[in-house]
Structure formats: C-alpha cells, structure tokens
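One structure below.
The values are calculated or read from the model by the stated rules, or taken from the named source; none is laboratory data. For clarity, every value in this text was computed on a predicted model and none was experimentally measured. Methodologically, a virtual Cβ is constructed for each residue, glycine included, from the backbone with ideal geometry; neighbour enumeration extends over all protein chains shown.
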Amino acid sequence: MIPDLDRVTSPEYLANLLTRPISEIRAMRAEGQSIENGMSYVRRVAQGRIDIVAAEMLRRRDGGDPADLSDLVARLPDILADRGRGAGPIRAPHDVTVDERARCDDAHLHTASACCDQSGDGQVVRYEISVGEVD
C-alpha cells in the first residue's frame, strides 16, 4: 500500500488537532496533499491501462487481427487523450513529483499493469474487464 496511508487515515492522526501549532497543521495538510497526488498518479496509470485494454477489446470485436497491433498503437494518442473531468470539485492542476511517485509503491503499479499483461510479442494475453463493461 502507499506508505503512511494507514497512519494518516487513522483517527489518531487528527487527535489533539485543536491544540497543535499551525505549522504542524500545515505540514499535515502538505503531507495529505502529497499522498493524494501519489494516489492520483496510480489511478491515472490504471485508467490509461484500462482504456488501452478496452480499445483493444473493441478493435478485436470489430474484426481486428490480434497479431497486428499497429492500429492500436497508432490510436494510442486518441485512446489516452484527456477527455475532461467528471463531476466533482475542481482541483488546481499539479505535477506529480518523483517523491510522490515513490510513495506509490510498485505493488500499485503492478496491480494496474495486471489488467494489461503482455506476452513477449506485445499481444495482450489477459483481460480484467468484460466486453459488457465497455459498451
């Protein structure tokens, strides 16, 4: 899991909040934002993988040759293009720092990658979503 996540989500993390100095509260907020940025990075990686797998499933459903991924590769810019935001509060844009990526340990990225395992020839060999979820 993400380091420090259990600690900052435990009730003890907010204990004595009213008596803490403002500098400590600001540090807590910065820590929470850093963790949130790292989690957001993992979510975006996972969503990109899901979008690629969904596009490949549709391509194959429409008769695409599983051995020829050139069409899929050519469409990657469109598949991975930012489609805008859904409902929810607007957050200021931010760049994920190397430190924040380090907070998201390899287990999260491995989990995200698991939906799009590939064989040595680049062929998608496993799916985690069904065609019904794509339609």
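Sub-9 Å Cβ pairs linking a first residue in the range 69-93 that is modelled with pLDDT of 70 or more to a second residue that is in a loop (DSSP other than H, G, I, E, B) and surrounded by 10 or more Cβ atoms within 10 Å (Cβ to Cβ), at least 6 apart or interchain, are LEU69/GLY122; LEU69/GLN123; ASP71/GLY64; ASP71/ASP65; LEU72/GLY64; VAL73/GLY122, ordered by first then second residue.
Taking the criterion of being surrounded by 14 or more Cβ atoms within 10 Å (Cβ to Cβ), more than 30 Å from ASP4 (Cβ to Cβ), free of Cβ contacts under 8 Å to residues at least 40 places away in the same chain and not basic (Lys, Arg), the residues of the range 35-68 that qualify are ALA55, GLY64. LEU5 passes every criterion in (1) surrounded by 13 or more Cβ atoms within 10 Å (Cβ to Cβ); (2) of a type outside the set (D, E, K, R); (3) at pLDDT 90 or above apart from (3). Here the range 13-34 is the region considered, the condition is being hydrophobic (A, V, I, L, M, F, W, C) and exposed (fewer than 12 other Cβ atoms within 10 Å of the Cβ), and the residue that is nearest to ALA81 (Cα to Cα) is ALA30.
Scanning the range 1-16 for residues that are within 23 Å of GLY38 (Cβ to Cβ) and without any contact (Cβ under 8 Å) to a residue 40 or more places away in the chain yields a count of 10.
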